Amino acid sequence: MSTKPHILLIYTGGTIGMMKDYASNALKAFDFSQLLDKIPEIQQLNCHIETISFENPIDSSNMTTKFYVDIVEIIEKNYDVFDGFVILSGSDTMSYISSAISFMLENLQKPVIFTGSQLPIGDLRTDAKENLITSIEVACAQKNGIPIIQEVCLYFEYKLYRANRTTKLNAEQFEAFVSMNHPPLAESGVYLKFNEHYLLKNSTKNSTLIVRKELVTDIVILKIFPGITENVVKSILHIKHLKGVVMETFGSGNAPNETWFVNLIKEAIENNIRIVNVTQCLGGNVNQGHYETSVALKKIGVVSGKDITTEAAVAKLMYLLNENFSLSEFTNFFEKPLRGEIS
């Protein structure tokens, strides 16, 4: 029996899976059953690859939590058969999608690697081949028969990141993603080098994969800006059925301390709307109470997002709101790392 790793490649949509029709100059979806024919270099990898493609590939802008569930169900169904999973999706919302998947998969002990590209796989200068080939290589990597990666990651342009630490930074450069508050988990140069002391390891060995499929989507991102008005904040916080808010604040978690603002936030919290404080800065940490302009937020029950990204905060909020926690329970779970998303 062959000991080569079995890798499942899941194509959901996005630029990486497009091929140019040179007659019309238009992009069309690529048939991933022909993967080895189009990218013969993959045959040099020491693994068996099978592919599954969404029947109707989804543009990243059209991604919804329904498709998150489709992805985790594919992983759930094939978890015992494959040694690793590579998921191809559009890069624009990849940080949101992969962050959510990290929370939906509990007790994960195999690699789930998201990747994509800035140019289609058929373009002469494409970044798709390197991203795809190295992602498969990462998914195959084992040490003493155990996968080196046991978490949800995102690979792009020579760097492997923890998925729920990433943000898309650039729409035009091949180095599209950053992870400002956590170092890369691996870097690909002449050699593929893993930074093993940064990797998550499942503390409950041989535990069964648990798939969480219920996400609450009645949430909103409230970005604070100089001159924001009472009517704007009130209209957002009074959205019907609203259950959670990711509030993007200044610097280390600062927001206006005007009475009307604090009262609206306090009223929302008293109405069981969970409000999480994240910084608008790409890097750094929310430290509520460090400045006077965040003291009131801490007092009235705003939850500190610490150094979490907005993308991961959205995912974690969707995940935790389904549990119907009290404010103190919710705060406890949100402010501690569940999948390595917070330092």
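Towards the positive end of the charge dipole of the stretch 219-334, with charges on Cβ (+1 Lys, Arg; -1 Asp, Glu), say which of LEU222, ILE273, ILE300 has the farthest Cα. Farthest along the dipole direction, towards plus: ILE273. Enclosing the Cα atoms of the stretch 219-334 in their convex hull gives a volume equal to 89 cubic angstrom per residue. Would you be so kind as to identify which of LEU185, HIS241, VAL262 lies farthest towards the positive end of the dipole of the chain, taking Lys and Arg as +1 and Asp and Glu as -1 on Cβ and the Cα centre as origin? Looking along the dipole axis, the top candidate is VAL262.
Bridge orientation summary for the chain: considering DSSP beta bridges with both residues in this region, about 40 percent are antiparallel. With θ taken as phi - 60° and the Karplus curve 6.51 cos²θ - 1.76 cosθ + 1.60 applied, the whole-hertz 3J(HN,Hα) list for the stretch 84-94 is x, 10, 10, 10, 9, 8, x, 6, 4, 10, 4 Hz, x standing for glycine and proline. Three principal axis extents of the stretch 48-104 based on alpha-carbon atoms, in descending order, are 31, 24, 17 Å. Debye calculation, C-alpha points only, no solvent: report log10 I(q)/I(0) for the stretch 227-287 at q = 0.12 Å⁻¹, in the same order as the q values. Debye curve over Cα of the stretch 227-287, log10 I(q)/I(0) at q = 0.12 Å⁻¹: -0.29. Put a plus charge on the Cβ of each Lys and Arg, a minus charge on the Cβ of each Asp and Glu, and nothing anywhere else: the dipole of the stretch 6-211 about its Cα centre is then about 460 debye. Relative to the first principal axis of the alpha-carbon coordinates of the chain, what is the inclination of helix 65-78, with its axis defined by its Cα atoms, in degrees from 0 to 90 and to the nearest 10? Roughly 40 degrees, rounded to the nearest 10. The lysines whose alpha-carbon is closer than 29 Å to the alpha-carbon of LYS243, local same-chain residues fewer than 8 away aside, are LYS66, LYS168, LYS213, LYS223, LYS234, LYS266, LYS298, LYS299, LYS306, LYS316, LYS336.
Per the Kirkwood treatment, what hydrodynamic radius in Å, one decimal, follows for the stretch 208-259 from the mean inverse distance over all distinct Cα pairs?
Hydrodynamic radius (Kirkwood, Cα only) of the stretch 208-259 equals 13.3 Å.
The magnitude of the dipole of the stretch 140-228, with charges of +1 and -1 set on the Cβ of Lys/Arg and Asp/Glu and taken from the Cα centre, is near 300 debye.
For ASN257 and LYS38, what is the calculated FRET efficiency with R₀ set at 56 Å and r taken between the beta-carbons, to the nearest 0.05? Calculated value: 0.45.
Debye-formula intensities of the chain, expressed as log10 I(q)/I(0) at q = 0.08 Å⁻¹, are -0.40 (one equal scatterer per alpha-carbon, no solvent). Taking every Cα-Cα distance in the stretch 88-177 and sorting them into 10 Å bins starting at zero, the pair-distance distribution P(r) comes out as 18, 50, 27, 6, 0 percent.
For the stretch 123-215, the C-alpha radius of gyration sits at 1.19 times the compact-globule guess of 2.2 N^0.38 Å, with N the residue count.
Each of the peptides 265-277, 300-312 was scored by the mean count of other Cβ atoms within 10 Å over its residues; in descending order, highest first, they stand as 300-312, 265-277. Under 5 Å between amide H atoms, partner at least 5 residues away or on a different chain: which partners does LYS159 have, H built in plane at 1.01 Å? Under 5 Å from the amide H of LYS159 lie the amide H atoms of SER188, each far enough along the sequence or on another chain.
Values quoted throughout were computed directly from the atomic coordinates according to the rules given, and no laboratory measurement underlies them. The structure displayed is predicted, hence computed values, not measured ones. Please note: Cβ atoms are built from the backbone with ideal geometry, for glycine as well, and neighbour counts cover all protein chains shown.
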